[in-house]
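Colleague: First, the structure itself, so that you have it in front of you.
The values are calculated or read from the model by the stated rules, or taken from the named source; none is laboratory data. The shown structure was predicted, so the numbers you read here are calculated from the model rather than taken from an experiment. We place every Cβ from the backbone using ideal geometry, glycine too, and count neighbours over all the protein chains shown.
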Amino acid sequence: MVGEGARSEATVMYVAVRDVCIFQAGYDSIYEALAELELNAVELAVDRRLKIPSLDGASGYPKLSVATKAETLVAAETYQEKGLHVSGLLLANNFNAEVLEGEIEWAAGALRAGELIGVDAVRLDAAMTGQQELPFGERVSIYADAVKQVLAATEGGHIPLAIENHSAQGNDPNWLQQVLAAVNSPRLGLTLDTGNFYWAGFPLNTVYQIMEDLVSQVRHTHCKNIAYPVQYRQQRRELGWQYGQYVAPIHQGDIDHSKIVPMLAAVGYAGGLNIEDESLAKFAPAQRRRVLRQEADYLARLVEEAGGRRRWQQKQA
């Protein structure tokens, strides 16, 4: 049931999918995709007007507003009356924007909406203007101060913010650790993108070690993969090296998710494994639904082996 302070926690880990993957796969609606994939959870992007994709509209249009409590409750009901869960809300924020107040209001609004909808987390982007030119300590301070403002504006909330290891800055484990320490709040954690440390150029063995070091902070995930030629897998590569050529379906890349899922289970992670396959564009339109289904089946098998479920199930009070 939706309402103020509602938080629909999962009993165990489960499989979900990002809205953008659904649309790239050619589905007419989110509802159609989830039914065909035998899933009941989806991650939704929140735009700057605080609107989310609709459940039945083609490509998510017309969008649903979550700008006010009344509108959010209506939007939430469209999903929940179908027995569906919103696994997370995704922001493409910039915490070093010229007008920071707009970024703070956007993130705070998404958190308030997330509380009413009952999401697992609100994903934050780590990328920000000037990140390559600014000194390390200043970048930590700018980002951490912005997060503190969002948390102060939503005091009393329970839904966590989750910084994704995204961009050069977000894939620096030291930067992530320093931001987490500077904010020092149980309401801040990580969105672990399982492919992005590898995308950032870390050798494959190092990727697993980084994940092991950070796994206790994970509140949300994105799952993707890359298949590099064998001679490059354990080398340090340039940021984003040949990504467009080697990005691969989750079940076909170098990153072994059968190593990652048990890591998450060991720390009690009970959120979604959110499919974010950026290789779909490499396939003919007629093949994309099949690839997405294979990924859902693959992750579901790993989750079930770790004691989870394919589908989200609400924790009983």
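Colleague: Between Asn165, Asn196, which is of a type outside the set (D, E, K, R), buried (at least 23 other Cβ atoms within 10 Å of the Cβ) and touching a His at 6+ places or on another chain (Cβ under 8 Å)?
Modeller: Only one candidate qualifies: Asn196.
Matching residues to (1) without any contact (Cβ under 8 Å) to a residue 24 or more places away in the chain; (2) closer than 16 Å to Pro160 by Cβ; (3) of a type in the set (S, T, N, Q):
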{"residue": "Leu64", "(1), (2), (3)": "yes, no, no"}
{"residue": "Thr78", "(1), (2), (3)": "no, no, yes"}
{"residue": "Leu91", "(1), (2), (3)": "no, yes, no"}
{"residue": "Ala113", "(1), (2), (3)": "no, yes, no"}
{"residue": "Arg123", "(1), (2), (3)": "no, yes, no"}
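Colleague: Here's another thing I want to ask about it. Determine if the range 235-252 includes at least one residue that is of a type in the set (Val, Ile, Thr), in a loop (DSSP other than H, G, I, E, B) and surrounded by 14 or more Cβ atoms within 10 Å (Cβ to Cβ).
Modeller: Within the range 235-252, one or more residues are of a type in the set (Val, Ile, Thr), in a loop (DSSP other than H, G, I, E, B) and surrounded by 14 or more Cβ atoms within 10 Å (Cβ to Cβ).
Colleague: Right, Ala270: at pLDDT 95 or above and closer than 24 Å to Cys21 by Cβ or not?
Modeller: Taking the combined requirement at face value, the residue satisfies it.
Colleague: Moving on. Looking at the range 89-100 only, could you name the residues that are assigned to a loop (DSSP other than H, G, I, E, B) and either surrounded by 20 or more Cβ atoms within 10 Å (Cβ to Cβ) or aliphatic (A, V, I, L, M) (or both)?
Modeller: Leu91, Ala92, Asn93, Phe95, Ala97, Val99
Colleague: Restricting to the range 204-224, name every residue that is more than 14 Å from the chain's Cα centre (by Cα) and either free of Cβ contacts under 8 Å to residues at least 12 places away in the same chain or over 15 Å from Gly240 (Cβ atoms) (or both). Lay out the reasoning, then the answer.
Modeller: Residues of the range 204-224 more than 14 Å from the chain's Cα centre (by Cα): 204-216.
Hits for the range 204-224 are Leu204, Asn205, Thr206, Tyr208, Gln209, Ile210, Met211, Glu212, Asp213, Leu214, Val215, Ser216.
Colleague: Let me ask another. Only residues that are surrounded by 14 or more Cβ atoms within 10 Å (Cβ to Cβ) and either more than 19 Å from Leu44 (Cα to Cα) or touching a Lys or Arg at 6+ places or on another chain (Cβ under 6 Å) (or both): list them for the range 263-276, please.
Modeller: Within the range 263-276, Met263, Leu264, Ala265, Tyr269, Asn274, Glu276 meet the criteria.
Colleague: For Leu302, which of the numbered conditions (1) more than 19 Å from Ala35 (Cβ to Cβ); (2) part of a loop (DSSP other than H, G, I, E, B) fails to hold?
Modeller: Answer for Leu302: the failing condition is (2).
Colleague: Inside the range 183-221, can you point out the residues that are in contact with an Asp or Glu (Cβ under 8 Å, 6 or more places away or on another chain), within 12 Å of Ala162 (Cβ to Cβ) and among the polar types (S, T, N, Q)?
Modeller: Thr191, Thr221
Colleague: Here are some conditions: (1) hydroxyl-bearing (Ser, Thr, Tyr); (2) more than 22 Å from Ala41 (Cα to Cα); (3) in a helix (DSSP H, G or I). Tyr228 meets all but one. Which one does it not meet?
Modeller: Tyr228 satisfies every listed condition except (3).
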